[in-house]
1. In the stretch 317-335, which residue that is free of Cβ contacts under 8 Å to residues at least 40 places away in the same chain and part of a strand (DSSP E or B) is nearest to TYR222 (Cα to Cα)?
2. List pairs: first in the stretch 262-274 and under 13 Å from LEU214 (Cβ atoms), second open to solvent by less than 30 Å² (accessible area, probe 1.4 Å) and hydrophobic (A, V, I, L, M, F, W, C), Cβ under 6 Å, 6+ apart or cross-chain?
3. Looking only at residues in the stretch 231-284 that are under 30 Å from GLY296 (Cβ atoms) and in a loop (DSSP other than H, G, I, E, B), which one is least open to solvent (accessible area, probe 1.4 Å)?
4. State yes or no: is LEU304 part of a loop (DSSP other than H, G, I, E, B) and aliphatic (A, V, I, L, M)?
5. Where the second residue is assigned to a loop (DSSP other than H, G, I, E, B) and the first is farther than 17 Å from THR186 by Cα and lies in the stretch 197-224, which pairs have Cβ atoms under 6 Å and are six or more apart or on separate chains?
6. Which of the residues belonging to the stretch 404-430 are without any contact (Cβ under 8 Å) to a residue 40 or more places away in the chain, of a type outside the set (Gly, Ala, Ser) and either surrounded by 19 or more Cβ atoms within 10 Å (Cβ to Cβ) or under 16 Å from ASN136 (Cα atoms) (or both)?
7. May I ask you to list the residues in the stretch 285-303 that are open to solvent by less than 60 Å² (accessible area, probe 1.4 Å) and not basic (Lys, Arg)?
8. In the stretch 1-39, which residues are open to solvent by 80 Å² or more (accessible area, probe 1.4 Å) and part of a helix (DSSP H, G or I)?
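The values are calculated or read from the model by the stated rules, or taken from the named source; none is laboratory data. All figures in this text were calculated on a predicted structure; none of them were measured in a lab. Backbone-built Cβ (ideal geometry, glycine too); neighbour counts: all protein chains shown. Surface areas here come from the heavy atoms of the whole protein model, side chains and all, with no ligands, DNA or RNA. Shrake-Rupley method; radii C 1.70, N 1.55, O 1.52, S 1.80 Å.
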Amino acid sequence: LLKKVLVSLSSFKLAIAELVLIAALSSIGTVIDQGGVPDFYFKAYPEDHPFLGIFSWKVILALNFDHIYTAPYFLGLLALLAASLVACTSTRQVPLVKVARRWSFMKNPAGILKMDAAETLPDASLGELGVLLSGNGYEVFSEGSCLYAFKGLAGRLAPIGVHAALLLIMGGGLVSALGGYHGSVTIPEGLDLRLGDGLNPNGILATPSPTMDLNIHVNKFYIEQYPNGQVKQFFSDLSITDAKEGELLRKTISVNNPLRIAGATIYQTDWGISTVLVRIDDSEPFNLAMAPLRKGDNKLFGTLIPEGVLNSKGISILARDLESVVVYDKKGEFVGVRRVGSQKPIEVDGVNLVVDDMIGSTGLEVKMDPAVPVVYAGFGALMFTTCISYLSHSQIWALQKGSSIIVGGKSNRAKLSFEQELTGILDSVPEHV
């Protein structure tokens, strides 16, 4: 029964079907946002306008497409593929390696002449043939009138390495899916946050790490803009601090330029406006919290000074960036624009308003994935063993019959190149008259 199961699992057609299904599900997980709250999918994938005409929020949530990489069916497919790789290795690759390592001298001329490439050399020496084969990278063994040579045994071993690398990658992916931490945080400039407070476990294998006790402090946040005012890039000057040792690392991050420390990776993903610092007439400066009014590429933030506060009658302040604000009066009518820090007052509803400063906030995505080194090692091993698997395993037998040599050989791949190589070697064997 076990042998039948192994033979079924090692089916090439089954492995291809598994890979196609995994690739298809991975594609779905790439185009559909992962890990969002239900309300996000209600808005982003409405029933009346399903994504690609198929994926509404009902379909996405019913089929677990919102967290597809940790869904039971996806993990089950990975487990089935792993079982197929193990079965193929045990039933096909290991026996091939055993056969490749098992060799014997051939003493039957007819058997040698039936090989893929065979030739008879009159008046030639077996020893000189062995020297030429050795010079061309072959391991040569001889006994009496018989010779055996081979090269490229690593090409036979490489498929086992390829399977082992794939298993390593999938194992790392499983640990990553069930054992890491992730989270998104928004921190105003000048404040800090304990790293662990913004993280959520990915699954049941997640275990706390001392790295979670580190603090993220935002030294400065600033935006780089295009000439037309559109946001080009945004930057966060971050310090990672420890309660005992102080600052451990300081780095300015931006999109596609994260900060990495002690197994944690901090990505720059978003930005916002936290507060605006204003003065009314001769008052002391005070902070007003800014609320996001519109998200996406064209962000908009706003705040309101309620009536009765420092003689204000309901002033509205809107901002699209950290450079300037737009002011509206009590009736919602446009009053004017002021650059932040210009110290130039703007009169609105009978009071003078001065905008001293604007404080931005940085949106960070934090990930702790203990399996990253394992996955990287698996991909490195996969590339190396895949290249090695292209090496041909070539074998040559020769038999001295009187003054003549009967030579034959075979190769598991690149047969034409092998025949050309063997012909060149045989042409170089000296003829003894």
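1. Only one residue tops the list, namely SER324.
2. If the second residue must be open to solvent by less than 30 Å² (accessible area, probe 1.4 Å) and hydrophobic (A, V, I, L, M, F, W, C), the pairs left are GLY263/MET368; ALA264/MET368; ILE266/LEU259; ILE266/LEU364; ILE266/VAL366.
3. Among them, the one singled out is PRO258.
4. Numbers: part of a loop (DSSP other than H, G, I, E, B): no; aliphatic (A, V, I, L, M): yes.
No.
5. Pairs that qualify, where the first residue is farther than 17 Å from THR186 by Cα and the partner is assigned to a loop (DSSP other than H, G, I, E, B), are ASN202/GLY180; THR211/ALA262; THR211/GLY263.
6. Within the stretch 404-430, the first condition is being without any contact (Cβ under 8 Å) to a residue 40 or more places away in the chain, and the residues that meet it are 414, 416-417, 420, 424, 427.
Now drop any that are not of a type outside the set (Gly, Ala, Ser), which leaves 416, 420, 427.
Result: GLN420, ASP427.
7. Our first condition is that a residue be open to solvent by less than 60 Å² (accessible area, probe 1.4 Å); within the stretch 285-303, this holds for 286, 288, 290-291, 296, 299-303.
PHE286, LEU288, MET290, ALA291, GLY296, LEU300, PHE301, GLY302, THR303 - these are the residues of the stretch 285-303 that are open to solvent by less than 60 Å² (accessible area, probe 1.4 Å) and not basic (Lys, Arg).
8. Listed by number, the residues that qualify are LEU2, LYS3, LYS4, VAL7, PHE12, LYS13, LEU19, VAL20, LEU21, THR30.
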